[in-house]
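> Structure below; questions to follow.
Just so it is clear, none of the values below were taken in a lab; they were calculated from the coordinates. Source: prediction; values computed, not measured. Cβ atoms come from the backbone with ideal geometry, glycine included; neighbour counts cover every protein chain shown.
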Amino acid sequence: MLDTLRTIPTPEGIELTLKVAGPVPRAAAWSIDLMFRLIIVLAVQAVLAALGKVGIGISMLLWFALEWIYPVLFEVLWQGATPGKRQCHLRVLHEDGTPVGWRASVARNLIRAVDFLPFCYGFGLITMLLNRDFKRLGDLAAGTIVVHTERAEKPLAIPSAEPLIPNVSLALWEQRALIDFAERRAKWSDARAAELAAHALPLTRGVSEGETAKRLVRMANYLVGRR
Amino acid sequence: MRQELFEARYGERWSAFELAIGASPSSRSKKSKKKAVSNKTAASVDAVIAAADVLPADEVPRRYREVCHHLALARDRHYGTALVRRLERLVLAGHQVLYGAHGMEGGVGQFLRHGFPALVRKRFSYVLASALLFLAPLIACFAVIQYFPDFAHVVLPSEQLANVQQMYAPDNFRLGAERNADSDFAMFGFYVWNNVRIDFQCFAGGLLFGMGTIFFLLFNGLSIGTMAGHLTHIGYIETFWGFVAGHSAFELTGIVLSGAAGLMVGMSLLAPGRQRRFAALKSRMPDIIGLVYGAALLTFLAAFVEAFWSSSRIPPVEIKYAVGVVLWIITLAYLALTGTATPAVSSENKHYAR
């Protein structure tokens, strides 16, 4: 089991699996957000320069809003992600896997001020490395986690071939490995597929190297129930 | 059952569920359905409408439990990773749709009328502690400087005092023209940006086991008391007190309340009781955030008064004093007398305690 997977039990008696995001993608997301905010400020300032002192007042208010309100609004109203997080396929959730709400989002974003200390998210980074869920102080206080969003993948189809009963009886996990192999077969070159197939020695012994991958795919066809 | 048969039997039901929760991510399903319609091609419009027909909203929870069941089966039978992944994604999306709808938390009006004053009274011990930490050094500095004026230079650097002194110099004030509206607005932006940020830091500093909050409260108390004491001692009474009278009620109350929130954070970490530290903090977070909201609103109000009323030189100083006193009475009466604890406050607790 990968270290960055977190399971959350639900009332239905099932476990949700979340992929917790570490410091690097989160720093990237933050940088993108910073860029967005700078662009907004510079663009608006160019316009507001014409307004003189009122313009200064407005840009101060704008900077305040971008600093403290921007992340909260986006996280609550835009599926848990600021534009930067969305770019990096990250999302903020409550610890129980539900979408982040106002109070939690406000808490985690105000505590940003402490995470930023002593400079450039020093405390935040140390805290992230000290707990299993990569939570910075704001996340710990608010009870939130940042996770990678699952991108909807095209369902992988097992290439159809004449089913073949495996010549060795296989444990469930071995069957599953074989099915996974067949599902991903189309993504690899023939050489790579043959290299991987060579590991399943008891199944492929005595078969010429060009045929091993095909043989495994045929067995997978049998395992998923094609007859 | 073999995987292929399983998929063939239930695949359509999963797709319908996927469409149903994708097309209606929240209670505002109609709106988002419209959006989906405007965005997609005619073919998928039909699909969306078909999904709504196939799977009415009251059917979604049952279908969700079915998908959960299928995921459990798929895992138990070691079906292929791709299938398990797909079901996991469905379950996660369904979980978020079904359990994510916490709804609005009473609204701002409700909070200001009832929740906030009641909250301040509920957490009065923290408010009191914060007020003492802030006001004791303020008053002490002020008093000491009346008898030992040089003490001001011990607390604050002389340049800063000279700066402040120049700002409130009566000649400066009388001779200078009335500040016009646009620089008032610039100052408003500055006050909001700066003062509300101080509130937030006061609160967030609580996370350093309360030390940050205590530091900010003492520091602000010392420097405000010193400036006030110094300016009073050298006789700039009308300019200084006339200026600060108007917004002092909102501003000082805001600092005290954000300090109270910070102290609550610190105490939750220092004395969590029979819970883990961050669990204790989390269970008190609704109250803490409520205090910070309120403090930020008060400070915002203070910035408004400071920029547009306090700086005005037209009204005589007596009126400014009077307005200041009235605002103090209103603020304290609001916090002390209005509002009753509403069920909304306690139900939010439940959400955090989960």
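> Between residue B:76 and residue A:130, what is the label-point separation in nm under the 7 Å Cα-to-beta-carbon projection?
Each label point lies 7 Å from its Cα, and together they span 4.3 nm.
> Here's a follow-up. Could you tell me the center-to-center distance, by alpha carbons, between the range A:162-227 and the range A:14-63 in angstrom?
Computed from Cα coordinates, the inter-centre distance equals 50 Å.
> What spacing in nm lies between the two simple spin-label points modelled at residue B:150 and residue B:325, each 7 Å away from Cα in the Cβ direction?
3.8 nm
> Lys and Arg at +1, Asp and Glu at -1: add these up for the other residues within a Cβ distance under 12 Å of residue B:335 and post the number.
+3
> So if I place +1 on the C-beta of Lys and Arg and -1 on the C-beta of Asp and Glu, and nothing else carries charge, what would the dipole magnitude of chain A be about its Cα centre? I want it in debye, nearest 20. Don't skip to the end; give the middle numbers.
On the way: 27 positive and 21 negative charges, 65 e Å.
The dipole magnitude comes to about 320 debye.
> Follow-up. Place +1 on the Cβ of every Lys and Arg and -1 on the Cβ of every Asp and Glu in the range A:48-149, take the dipole about the Cα centre, and give the residue among A:129, A:73, A:58 whose Cα lies farthest towards its positive end.
A:58
> Once the dipole of chain A is set up with Lys and Arg at +1 and Asp and Glu at -1 on Cβ about the Cα centre, which of A:31, A:16, A:48 lies farthest towards its positive end?
The Cα lying farthest towards the positive end belongs to A:48.
> Using R₀ = 22 Å, calculate the FRET efficiency as 1/(1 + (r/R₀)^6) where r is the Cβ-Cβ separation of residue B:9 and residue A:165; round to 0.05. Each step should come with its number before you reach the end.
On the way: r = 24 Å, r/R0 = 1.07.
So the FRET efficiency works out to roughly 0.40.
> Oh, and also: Suppose every Lys and Arg Cβ carries +1 and every Asp and Glu Cβ carries -1, with no other charges. What dipole size does the range A:172-223 come out with about its Cα centre, to the nearest 20 debye?
Working: 9 positive and 7 negative charges, 22 e Å.
Its charge dipole is roughly 100 debye.
> Can I ask one more? Under unit Cβ charges (Lys, Arg +1; Asp, Glu -1), what dipole magnitude, rounded to 20 debye, does the range B:107-353 have relative to its Cα centre? If you can, show how the numbers build up before the last one.
Details: 15 positive and 13 negative charges, 266 e Å.
Roughly 1280 debye for the range B:107-353.
> Okay, moving on. What fraction of the Cα pairs in chain A, stated in percent, has a spacing above 32 angstrom? Please report the intermediate quantities before stating the final value.
Numbers: 11740 of 25651 pairs.
Every Cα pair in chain A considered, those over 32 Å come to 46 percent.
> Compute the Rg to Rh ratio over the protein assembly as shown from the alpha carbon atoms, using the Kirkwood formula for Rh, and round to two decimal places.
Values: Rg = 31.0 Å, Rh = 28.1 Å.
Here Rg/Rh amounts to 1.10.
> Hey, another quick one. Give, in nm to one decimal, the length gained when the segment between residue B:209 and residue B:132 is fully stretched (0.36 nm per residue of separation minus the Cα-Cα distance).
On the way: separation 77, 0.36 × 77 = 27.72 nm, distance 1.84 nm.
Residue separation times 0.36 nm, minus the Cα-Cα distance, leaves 25.9 nm.
> For the range B:281-340, compute Rh as the Kirkwood radius over C-alpha pairs and then the Stokes-Einstein diffusion coefficient at 20 °C and 1.002 mPa s; write the answer in µm²/s, rounded to an integer.
Values: Rh = 13.7 Å.
Estimated diffusion coefficient is 157 µm²/s.
> Select from chain A the helices, each a whole stretch of DSSP H, whose alpha-carbon atoms run 20 Å or more along the helix axis and whose Kyte-Doolittle mean is at least -1.0; answer none if there are none. List each step's numbers first, then the result.
On the way: long enough: A:23-48 (36 Å, 1.47).
Both cut-offs are met by A:23-48.
> With unit charges on the beta carbons (Lys and Arg positive, Asp and Glu negative) and the dipole taken about the Cα centre of the protein assembly as shown, which residue among B:236, A:167, B:168 sits farthest to the positive side?
Among B:236, A:167, B:168, the one farthest towards the positive end of the dipole of the protein assembly as shown is A:167.
> Separation between the residue B:337 and residue A:96 pseudo-spin-labels, each 7 Å from Cα along Cα→Cβ, expressed in nm?
Taking the two extended label points, one gets 4.1 nm.
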